[in-house]
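A quick write-up on the structure given underneath.
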Amino acid sequence: MERIDHVVEDILFITRKPEPLLSPSLLRPMLEKEVARWEFMFSSKQVSYELDLAEGLPPLPLDARQMALA
């Protein structure tokens, strides 16, 4: 039930299109976290990928929640 609540919250969040809450964020850990969430689907569909990001990228002004939902 909790999972359904999160899905509904995410849908409502997207449809309302709130203003982004920008804060300096590191892109690499954010992308690594999102890719890890999809790892099972990638492997079950026999999809391979390579995440190749430069080390030491500076923080970017991002809304982490909106990035996760994109």
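Read-outs throughout are calculated quantities, based only on the coordinates presented, and are distinct from any laboratory measurement. As the structure is a prediction and not an experimental result, all values here were calculated from the model. With ideal geometry, Cβ positions are generated from the backbone for all residues, glycine too; neighbour counts draw on all protein chains shown.
Among the residues of segment 1-25 satisfying the criterion of being under 15 Å from PRO59 (Cα atoms) and either among the polar types (S, T, N, Q) or within 12 Å of the chain's Cα centre (by Cα) (or both), which is surrounded by the fewest Cβ atoms within 10 Å (Cβ to Cβ)?
Initial filter on segment 1-25 (under 15 Å from PRO59 (Cα atoms)): 21-25.
This time we only want the ones that are either among the polar types (S, T, N, Q) or within 12 Å of the chain's Cα centre (by Cα) (or both), so: 23, 25.
Numbers: SER23: 11, SER25: 15.
Going through the qualifying residues, I end up with SER23.
Say whether the condition of being small (Gly, Ala, Ser), free of Cβ contacts under 8 Å to residues at least 12 places away in the same chain and part of a helix (DSSP H, G or I) is met by at least one residue in segment 24-37.
Among the residues of segment 24-37, at least one is small (Gly, Ala, Ser), free of Cβ contacts under 8 Å to residues at least 12 places away in the same chain and part of a helix (DSSP H, G or I), which makes the answer yes.
Could you list, in sequence order, all residues of segment 27-66 that are in contact with a strand residue (DSSP E or B) (Cβ under 8 Å, 6 or more places away or on another chain) and surrounded by 12 or more Cβ atoms within 10 Å (Cβ to Cβ)?
LEU27, MET30, LEU60, LEU62, ASP63, ALA64
Can you run down the residue pairs with Cβ atoms below 7 Å, 6 or more apart or on separate chains, where the first is in segment 41-70 and outside any loop (DSSP other than H, G, I, E, B) and the partner is surrounded by 10 or more Cβ atoms within 10 Å (Cβ to Cβ) and aliphatic (A, V, I, L, M)?
LEU60/LEU27; PRO61/LEU22; LEU62/LEU22; ALA64/MET30; MET67/MET30; LEU69/ILE14
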